[in-house]
1. Strictly over 20 Å apart at the Cα level, which of 12/47; 42/201; 71/115; 47/115; 47/201 would you flag in this model?
2. At 222 nm, what helix-only mean residue ellipticity would the chain give, in deg cm²/dmol to the nearest 500, using -39500 (n - 2.57) for each DSSP H run of four or more?
3. Show which lysines lie in cross-link reach of residue 40 when reach means a straight Cα distance below 19 angstrom and same-chain residues fewer than eight apart are skipped.
4. Going Cα to Cα from residue 213, which aspartates and glutamates come in below 19 Å? Please leave out same-chain ones fewer than 8 positions away.
5. Near residue 292, which lysines are there with a Cα under 24 Å away, not counting those fewer than 8 places off in the same chain?
6. Work out from phi, with θ = phi - 60° and the Karplus expression 6.51 cos²θ - 1.76 cosθ + 1.60, the ³J(HN,Hα) of each residue of segment 267-279, listed in order in whole Hz, and give x for Gly and Pro.
7. Take peptides 212-220, 274-282, 33-41, 51-59 and line them up by average Cβ neighbours within 10 Å, highest first, as a rough protection proxy.
8. Rounded, prolate or oblate, given the Cα gyration tensor of the chain, with a/c below 1.5 counting as rounded?
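Rule-based calculations on the coordinates, nothing more; no lab input. The structure presented is a predicted model; accordingly, all values stated were derived computationally and were not measured. Note: ideal-geometry Cβ built from the backbone for every residue, glycine included; neighbour counts use all protein chains shown.
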Amino acid sequence: MNTAKTLAAITKYWQQACEDQGLAEQHLAGAGAVFQLELKLKNHYGKKYALCVSNATTGLLAIGLALNLKKEEFITTPYTYGASLAGFLLLENRPIFAEVNSQTLTLEPESVRQKITSNTRAILAVDIYGNPCNQVALRQIADEYGLWYIADAAQSLGAYREGIPASALADALVVSFTVGKSVFAGEGGAILTDNSELYQKLVWLTQHPERQKRDIGLFLTNEFALNARIHPLAAVIALSIFDDSLQQLKLYQYWCFEVINALNKIGLTKSIFWQSEEIIPAFFRLIASWNKEAQATELLNQLSQRNIAVNLEYLLLQPLFTHPAFLAEYEHLFLNHQTVHFCASNYFCLNSLNQLGIKR
């Protein structure tokens, strides 16, 4: 990453902002670096609207508020980080957990279809580990049943499926700029959508009155909105490294596919067919599963013989509805004690040891 470029951008912004109060206040209206970053995101995803926010978790909460999803039923994945559901659970929405695909660990569309009831209002999909969901199928199901399709794409910026950016077909998606993500700005996130009414509600609920006036043209402004806008320095950082970060990600994706090709040839793991299915993950984690019994030492030795330096970590996944914190806080929202058939104990991830100068 070009640290010098980032430091230069921060220094320039800070010097100018200290000398010009008008420049310092630009972020209140979503101007300056915020505007330019949102433009890059819109161009990447092909969406009409982008709204930078403080983080992806807050972005998902804002979407729930804007869509008036309160005490409603939604279908989601049991295998994700709890923050994916935090905003929806805070609004007392009731999660229905569907099965996940054994290769991508993302929502299995047919299981989603089977879980839909007359009370279902939304689908919340997660591109877990940077693996893009089957968004074409999820979009079709959402349209068929009149549901909102919302996507947590926090880990998948730069991922593609069938030539489409990960989760770009969702009614609304969130991305993240925190540690380990494709674009790292310290903290921050963004919401993207094509829905003008949703966008206006998001601005009304999360942004400063200056942006409300700029984007919605209101004489009445909402001083009671959440202060959910992105920190201006995070926007400056993300903007300065955006293109370089996605270019660096392409190198990492190339390396990951080299590892996958090696895994498929070695045969100790189940074959991964992402390339043939036009799935290009962001590889927040490169995941695999054992073909039969675990043979970690043998696998690492064979990869080493192919000049692939990695370490192996097992995935500590458990269904969210078995998590102690979930049971303590949200068990009353859980409609029934569901089970899922997917077993995570057979899965692991491979992390690069500075292969091609790349660190993840």
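1. Numbers: 12/47 30 Å; 42/201 18 Å; 71/115 18 Å; 47/115 29 Å; 47/201 17 Å.
The pairs that break the limit, which is 20 Å between Cα atoms, are 12/47; 47/115.
2. For the chain, the value works out to -12000 deg cm²/dmol.
3. Within reach: 5, 48, 181, 250.
4. Of all the aspartates and glutamates, those that pass the test against residue 213 - Cα under 19 Å, at least 8 places apart if same chain - are 25, 38, 197, 223.
5. 265, 270
6. x, 7, 10, 5, 4, 10, 10, 4, 4, 5, 9, 6, 9
7. Values: 212-220: 13.9, 274-282: 17.6, 33-41: 20.2, 51-59: 24.9.
In decreasing order of mean packing, 212-220, 274-282, 33-41, 51-59 become 51-59, 33-41, 274-282, 212-220.
8. Verdict is oblate for the chain.
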